[in-house]
Amino acid sequence: MRFAWKHRATRAEYVDETGIEEFRSFYLGREQMKDMKFLVAAYVAIWAIFCVYLFSVARRMASLQDDIRRLKEGGK
């Protein structure tokens, strides 16, 4: 029984067939896209953390303002 294996070109074979510029644009471009996904994920995570922090600070300030208002009125 004979199996047909798909031949996947090695980097050296790919360079020999297409030239170094296409090799760079194909393989390095793919690596840069992987890096971009991580960059975008980190960017979104940082903004999400910042928004959660900002929301918590706003709630604490509102609570402090209520406490100050109550103290000025003379009650608890």
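Remarks
- In nm, spacing of pseudo-spin labels at A58 and A45 (7 Å Cα→C-beta vector): 2.5 nm
- Residue separation of F38 and D66 scaled by 0.36 nm, minus their Cα-Cα distance, works out to 5.9 nm of gained length.
Every read-out reported here was derived from the displayed coordinates using simple, explicitly stated rules and does not represent laboratory data. What you are looking at is a predicted structure, and each value in this text was computed from that prediction instead of being measured. Backbone-built Cβ (ideal geometry, glycine too); neighbour counts: all protein chains shown.
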